[in-house]
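> Below is a structure I'd like to ask you about.
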Amino acid sequence: QVQLVESGGGLVQPGGSLRLSCAASRSILSMETMGWYRQPPGKQRELVASITAGVSRRYAEFLEGRFTISRDVAKNTVYLQMNSLKPEATAAYYCNARSRASNFWGQGTQVTVSS
């Protein structure tokens with residue numbers, strides 16, 4: 001079992017930045033992939049970015065290079081740096097930890113991009 005706690009969401013103006021954090025209750029190296037997903041209002045959850053235990057990163061095409069996923073193994077924490085935010089980025093953002101036999105989700109953190 002892995003508990004994931006997201007933080008860092010909030011209200012930001014268009015063009016602004018936020019950094020989301022996902023703190024895991026055990027070593028993130030025990031999971032094959034850590035990822036960030038988002039679910040805009042009335043839409044399905046979608047992948048934003050992921051990072052494997054071997055530090056291979058994957059990003060959704062719509063990000064256009066504006067987001068960066070990183071990790072701090074010592075802190076068991078995964079980050080999502082979001083720059084040049086657009087209103088369409090408004091969503092609940094969820095942390096995910098996945099291995100061959102397990103799939104865990106955090107409770108989410110809300111990001112609202114609005115002037």
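The values are calculated or read from the model by the stated rules, or taken from the named source; none is laboratory data. Since the model is a prediction, treat every value here as computed from it, not as a measurement. As a convention, Cβ positions derive from the backbone with ideal geometry for all residues, glycine included, and neighbour counts pool all protein chains shown. For accessibility, only protein heavy atoms count, side chains too; no ligands or nucleic acids. Shrake-Rupley method; radii C 1.70, N 1.55, O 1.52, S 1.80 Å.
> Considering segment 6-17 alone, what residues qualify as being more than 11 Å from the chain's Cα centre (by Cα) and in a strand (DSSP E or B)? Reasoning before the result, please.
So the first thing to find is which residues in segment 6-17 are more than 11 Å from the chain's Cα centre (by Cα), and the list is 10-17.
Hits for segment 6-17 are 10, 11, 12.
> Here's something else I'd like to know. Give segment 26-81 a look and list any residue that's open to solvent by 60 Å² or more (accessible area, probe 1.4 Å), assigned to a loop (DSSP other than H, G, I, E, B) and without any contact (Cβ under 8 Å) to a residue 60 or more places away in the chain, or say none.
Across segment 26-81, the qualifying residues are 26, 41, 42, 43, 44, 45, 54, 55, 56, 64, 65.
> Also: Just give me the residues in segment 105-115 being more than 13 Å from the chain's Cα centre (by Cα) and surrounded by 12 or more Cβ atoms within 10 Å (Cβ to Cβ), in sequence order.
The first filter runs over segment 105-115 and keeps only residues more than 13 Å from the chain's Cα centre (by Cα), leaving 112-115.
Correct list: 112, 113.
> Scan (1) at pLDDT below 95; (2) farther than 18 Å from residue 28 by Cα for the single condition residue 101 breaks and write down its number.
So the condition that residue 101 fails would be (2).
> I'm told residue 2 meets every condition in (1) out of contact with any Phe, Trp or Tyr (no Cβ under 7 Å at 6 or more places or on another chain); (2) at pLDDT below 95; (3) β-branched (Val, Ile, Thr) except one. Can you identify the failing condition by its number?
Checking residue 2 against (1) out of contact with any Phe, Trp or Tyr (no Cβ under 7 Å at 6 or more places or on another chain); (2) at pLDDT below 95; (3) β-branched (Val, Ile, Thr), the one that fails is (1).
> Just to be sure before I move on: is residue 23 open to solvent by 20 Å² or more (accessible area, probe 1.4 Å), within 16 Å of residue 93 (Cα to Cα), part of a strand (DSSP E or B) and among the aliphatic types (A, V, I, L, M) in the structure I sent?
yes
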